[in-house]
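Okay, structure first, notes after.
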Amino acid sequence: MQDIILEFQNVEAGYPGLNRQILRNISFRIVKGEFITILGNSGSGKTTLLKLVNRLISPDGGRILFKGKEIAQGKPEQLRKNMGYVIQQAGLFPHMTVAENIAVLPKVLKWDKKAINGRVDELLSMMKLPTAIEFKNRHPWQLSGGQQQRVGIARALSTDPDILLMDEPFGALDAVTRKELQQEIKQLHLTFGKTILFVTHDRQEAIDLGDRVMVLNDGEICQFDEPRRLILHPAGDAIRELFHADTALKKLSYFKVSDFADLLREGQEDKGSSVEWEMPMETVLDCMLQGQKTVSVYREGKYMGSFQHGDLIQAVDGIENQGRSQAGGRV
Ligand SMILES: Nc1ncnc2c1ncn2[C@@H]1O[C@H](COP(=O)(O)OP(=O)(O)OP(=O)(O)O)[C@@H](O)[C@H]1O
Ligand SMILES: [Mg+2]
């Protein structure tokens, strides 16, 4: 049986003084260890949803269950110990040092000094930051944006929470630092298996990081699905337009060859028509457009299998469109 860590049941939420609900009829279940990305326009309710999870605000209707228990019934502090929260500008306390920032919650929980120091060093190393005294004694303004964000993540992990809530954590970083931190959070997820709720504006980030992507539009969930299904089987025009995924080429442009590994078949190895594991999926399509019926895939020199033209058409265009594609349509 799947281990459901978080469940929303018909949740409604707004803010005092507003005459409308910001989130309406929100229901979903998240399995322990999933990496969930939440994608939506500004004002669609992403931050509001995260705030509901750790009780910074309360729902006006419906129920929120964490590990099977309604969160309204326990103590908020107990809940937050289990939920690390990271926000865009890292949200570090400016008057505290790096070490003090990371140690905030362990101190509140009255850990002894030795345990706190040990944990601070452990988290700094985990986030690839220096453990030297000089670094630990710096204040947030003496750090780069990327370092601040790393300290923010270290702080969120201090009490080894079950869930990480991340609200556009990399939104303010330059492209290179952002890519680096994306890879690290992915690695962290693989290593420690934490459940992650990660809010982003960025379509590619949502697709790259999420096991499933929740798309919010004006306070409602339009689709909550695996990246591939979201693009290949959009639930409606809003999702199709969001990804501009109206052609096979555009659909494939969101993915790498490795994202389609399940379609690989044992077959005739053909070095003349080959792609690498981490290449964009469009390169496979290019080969097929040049008339290849199969394309061989290699990972660090090792043959992994081949894509067949028909399988790819079926996956990309959907079974219902297959006839048209075979009749000389797209691809
Ligand atoms: N404290 C508040 N009081 C009243 N309205 C609020 C409050 N906080 C947010 N809102 C409104 O609720 C709606 C959703 O806000 P929310 O912050 O959840 O959006 P978001 O999806 O996180 O947007 P962004 O991408 O810009 O961060 C917006 O219309 C916003 O103006
Ligand atoms: Mg927000």
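Looking at the chain, what % of its DSSP beta bridges pair antiparallel, to the nearest 5?
55 percent
As a test of understanding, state the convex hull volume per residue of the chain from its alpha carbons, in Å³.
Looking at the chain, the number lands at 168 Å³ per residue.
Over segment 256-326, what relative contact order in percent results from Cα pairs under 8 Å that are six or more residues apart? Walk me through the numbers before you get to the answer.
Numbers: 95 pairs, mean separation 22.0, N = 71.
So the answer I get is 31 percent.
If you take the Cα atoms of segment 5-68, find Rg, then find the Kirkwood Rh from the mean of 1/r over all pairs, what is Rg/Rh?
Across segment 5-68, the Cα-based Rg/Rh ratio is 0.95.
Which FRET efficiency value, to the nearest 0.05, do you get for residue 12 and residue 290 by plugging their Cβ-Cβ distance into 1/(1 + (r/R0)^6) with R0 = 51 Å?
The formula returns an efficiency of 0.45 here.
Would you compute, for the Cα atoms of segment 1-126, the largest minus smallest coordinate along each principal axis and list the three values in descending order, in whole Å?
47, 38, 26
Cα to Cα, under 18 Å, and not fewer than 8 places away if on the same chain: which lysines meet these conditions relative to residue 113?
Once the sequence-local lysines are set aside, what remains near residue 113 is 136.
So, how do all the Cα-to-Cα distances of segment 142-181 break down into 10 Å bins, in percent, from 0 on up?
Taking every Cα pair in segment 142-181, the percentages come to 28, 53, 19, 0.
When the accessible area of segment 4-243 is split by element with a 1.4 Å probe, what percent falls to carbon and sulfur?
On the way: 5600 of 11270 Å².
Heavy-atom surface of segment 4-243 belonging to carbon and sulfur, 1.4 Å probe: 50 percent.
Dipole magnitude of segment 172-331 about its Cα centre, charges +1 at Lys/Arg Cβ and -1 at Asp/Glu Cβ only, in debye to the nearest 20?
Taking the Cα centre of segment 172-331 as origin, the dipole is about 260 debye.
Which order, highest average first, do 12-20, 147-155 follow once you tally other Cβ atoms within 10 Å for each residue and take the mean per peptide?
By packing density, highest mean first, the sequence is 147-155, 12-20.
Hey, could you pull the Cα Rg and Dmax for segment 62-181, both in Å?
My reading of the Cα-based Rg and Dmax gives 15.1, 49 Å.
Rule-of-thumb check for segment 256-326: C-alpha Rg over 2.2 N^0.38 Å? Write down the numbers at each step before the final one.
Details: Rg = 11.6 Å, N = 71, 2.2 N^0.38 = 11.1 Å.
So the Cα radius of gyration is 1.04 times the expected 2.2 N^0.38 Å.
Could you report the chain's accessible area per residue, 1.4 Å probe, as an integer in Å²? Let's see the in-between values first.
Details: 16510 Å² over 331 residues.
Result: 50 Å² of accessible area for each residue.
If you plug each phi of segment 34-44 into the Karplus form 6.51 cos²θ - 1.76 cosθ + 1.60 with θ = phi - 60°, what whole-Hz ³J(HN,Hα) values come out, in order, with x for Gly and Pro?
Each residue of segment 34-44 in turn: 6, 9, 9, 9, 10, 10, x, 5, 4, x, 6 Hz.
Dipole of segment 84-147 (Lys/Arg Cβ +1, Asp/Glu Cβ -1, origin at the Cα centre): which of 92, 108, 130 lies farthest to the positive side?
108
Using Cα positions and a limit of under 13 Å, work out the aspartates and glutamates in reach of residue 114, with same-chain residues fewer than 8 apart set aside.
Candidates past the 8-residue exclusion: 122.
Report, in deg cm²/dmol and to the nearest 500, the calculated mean residue ellipticity at 222 nm for the chain, where each DSSP H run with n ≥ 4 adds -39500 (n - 2.57) and the sum is divided by the residue count.
The per-residue figure over the chain is -9500 deg cm²/dmol.
I'd like to know which of 23, 143, 156 lies farthest towards the positive end of the charge dipole of segment 4-243, counting +1 on Cβ of Lys and Arg and -1 on Cβ of Asp and Glu.
The listed residue farthest towards the positive side: 156.
Using alpha carbon coordinates only, what is the Rg to Rh ratio of segment 192-232, with Rh defined as the Kirkwood radius?
Details: Rg = 10.5 Å, Rh = 10.9 Å.
Result for segment 192-232 is an Rg/Rh of 0.96.
Check cross-link reach from residue 75 to the lysines: straight Cα distance under 23 Å, and skip same-chain residues fewer than eight apart.
Excluding near neighbours in sequence, the set is 32, 51, 67, 107, 110, 194.
Who wins for biggest fluctuation among 11, 297, 176 in a Gaussian network model of the chain, springs between alpha carbons below 10 Å?
Sorting by GNM fluctuation, first place goes to 176.
Rounding to the nearest 20 debye, state how big the charge dipole of segment 110-191 is about its Cα centre with +1 on each Lys and Arg Cβ and -1 on each Asp and Glu Cβ.
240 debye
Size of the dipole of segment 4-243 about the Cα centre, Lys and Arg at +1 and Asp and Glu at -1 on the beta carbon, nothing else charged, in debye to 20?
My answer is approximately 720 debye.
What does the convex hull of the Cα atoms come to per residue for segment 131-263, in Å³? Write down the numbers at each step before the final one.
Numbers: hull volume 19.4 nm³, N = 133.
Here the figure is 146 Å³ per residue.
Can you tell me how much longer the chain between residue 104 and residue 191 gets when fully stretched, taken as 0.36 nm per residue apart minus their C-alpha distance, in nm with one decimal?
Values: separation 87, 0.36 × 87 = 31.32 nm, distance 2.44 nm.
Roughly 28.9 nm would be gained on extension.
Less than 15 Å Cβ to Cβ from residue 72, Lys/Arg counted +1 and Asp/Glu -1: what total charge do the surrounding residues give?
Net of charged neighbours comes to +2.
Using alpha-carbon positions, what is the distance between the centroids of segment 15-32 and segment 240-287, in Å?
Their Cα centres are 37 Å away from one another.
Taking amide hydrogens as modeled 1.01 Å from N in the peptide plane, which residues meet the under 5 Å criterion relative to residue 212, leaving out close sequence neighbours?
Amide H neighbours of residue 212, under 5 Å, 5+ apart: 35, 37.
Contact order normalised by length for segment 1-154, with contacts defined as Cα pairs under 8 Å and 6 or more residues apart; what percent is it? Kindly include the intermediate steps, with their values, before the conclusion.
Values: 187 pairs, mean separation 32.2, N = 154.
Value for segment 1-154: 21 percent.
Under the definition of Cα pairs under 8 Å and six or more residues apart, what whole-number percent is the relative contact order of the chain?
Dividing the mean separation by the residue count of the chain yields 18 percent.
The values are calculated or read from the model by the stated rules, or taken from the named source; none is laboratory data. What you are looking at is a predicted structure, and each value in this text was computed from that prediction instead of being measured. With ideal geometry, Cβ positions are generated from the backbone for all residues, glycine too; neighbour counts draw on all protein chains shown. The protein model used for the area step is the full one, side chains on, heavy atoms only, and it has no ligands, DNA or RNA in it. Shrake-Rupley method; radii C 1.70, N 1.55, O 1.52, S 1.80 Å.
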